[in-house]
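The values are calculated or read from the model by the stated rules, or taken from the named source; none is laboratory data. Quick caveat: nothing in here was measured; it's all calculated off a predicted structure. Neighbour counts run over all protein chains shown; Cβ positions are idealised from the backbone, glycine included. Accessible surface is based on the protein model in full, side chains and every heavy atom, while ligands, DNA and RNA are left aside. Shrake-Rupley method; radii C 1.70, N 1.55, O 1.52, S 1.80 Å.
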Amino acid sequence: MPTLTIDKRTVTVPDGTKVIAAAEQAGIMIPRFCYHPALGAVGACRVCAVGFTEGPVKGVEMSCMVDAQEGMVVATDDPQAVDFRRHIIELLMLHHPHDCPVCDEGGHCLLQEMTVSGGHGRRRYEGLKRTHRDQHLGPLVQHEMNRCIQCYRCVRYYQEYTGYRDLGVTGIGSRVYFGRSQAGTLDSPFAGNLTDICPTGVFTDKPSRFYGRRWDYERAPSICLHCSLGCNLTVSARYRKVVRHEARTNPQVNGHFICDRGRYGYAYAGLTERPRQALSG
């Protein structure tokens, strides 16, 4: 089990642990878009760059792609790494529509948080922005492709984790597109997790669309009751009405994800014909 130092904090982790995960165990959150604990590393977004100052690795490297090794000394605030991340953020925002006021992801968006923390506040590129056409993906998931930063989380989750192939990546270069070969309802019964795993607002929850911001909701931990598994949920309500279910991480039960029945099967809670008191025998 290697022991390494990250921002002057010493941490010992199992063999094969990536530096980005080791930092999290030490209470240090390194910026990330493409990395997700359930999907592993792919090195697509490049915002997890850190400085390796001592040990077997030297220089600026992506923390999600480097295994923790004995004697490593890592600095997340290394000047070169910070400058690298700042430029990556600016490049990612080059074609973004800047539609946070109407985006349902606004307020809990990783891209929004990283843009602010990276100090990016002015678009220097004066050319036209790249635009895409959105697709209809059914009644549960809203598609807004212009917000995409090509992190590949959605495709990796949908194809590698759930095993479905009707959602994929097409195009090349600046025309990379994440969607279906033709518009239509997503086949996977776990498709709703796209709204949780996407770090921007490309895939958002359609039934709760425009109901409110995250801070407008009353949120509480709960358990799904649609089967005996007992998946962990976070329930959001507004004006005494349940408007959204999200997956709550529990490694022993449901991991990071839930099925669409558990995510969207809450309508019964607000039915006017629902019994409000016990029926007499």
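What to note about this one:
- The string of couplings for region 68-85 from the Karplus curve (6.51, -1.76, 1.60, θ = phi - 60°) is 4, 10, 4, x, 5, 10, 10, 10, 6, 9, 4, x, 5, 5, 4, 5, 4, 4 Hz, one whole number per residue in order, with x for Gly and Pro.
- Under 29 Å of direct C-alpha separation, and excluding same-chain neighbours fewer than eight residues apart, LYS18 reaches these lysines: LYS8, LYS58.
- Bridging of LYS241 to lysines at a Cα separation below 24 Å is possible for LYS206, once same-chain residues fewer than 8 apart are set aside.
- Its Cα centre serving as origin, the chain has a Cβ charge dipole (Lys and Arg +1, Asp and Glu -1) of approximately 900 debye.
- Taking every protein chain into account, the 1.4 Å probe leaves THR249 with about 80 Å² of accessible area, to the nearest ten.
- For VAL116 and SER280, a Förster radius of 51 Å and the Cβ-Cβ distance give a FRET efficiency of 0.30, rounded to the nearest 0.05.
- Computed from the C-beta positions of ASP15 and ASP83, the FRET efficiency with R₀ = 30 Å rounds to 0.40.
- When the Cα positions of TYR152, THR115, SER280 are compared along the charge dipole of the chain, SER280 comes out farthest toward the positive end, with charges on each C-beta of Lys, Arg, Asp and Glu.
- VAL73/HIS226 FRET efficiency (R0 45 Å; Cβ-Cβ; nearest 0.05): 0.40
- At full extension, ASP134 and GLN252 could sit 38.8 nm farther apart than now, given 0.36 nm per residue minus the alpha carbon distance.
- Among ARG124, ARG165, ARG175, residue whose mean-square fluctuation peaks in a GNM of the chain (springs only between Cα atoms under 10 Å): ARG124
- Largest GNM mean-square fluctuation across CYS34, CYS227, CYS148, computed for the chain with C-alpha springs under 10 Å, falls on CYS227.
- Counted by Cβ distance under 13 Å from ARG130, the other residues give a net charge of +4, where Lys and Arg count +1 and Asp and Glu count -1.
- The chymotrypsin sites (Phe, Trp or Tyr not before Pro) of region 236-281 meeting both criteria, a DSSP state outside H, G, I, E and B (loop) and at most 14 other C-beta atoms within 10 angstrom of the site's C-beta, are TYR239.
- Highest-fluctuation residue, GLN159, GLN142, GLN150 considered, GNM on the chain with Cα pairs under 10 Å: GLN159
- Beyond 30 Å, the tail of the calculated P(r) for the chain holds 38 percent of the Cα pairs.
- Radius 13 Å from Cβ of VAL242, net charge of other residues (Lys, Arg +1; Asp, Glu -1): +4
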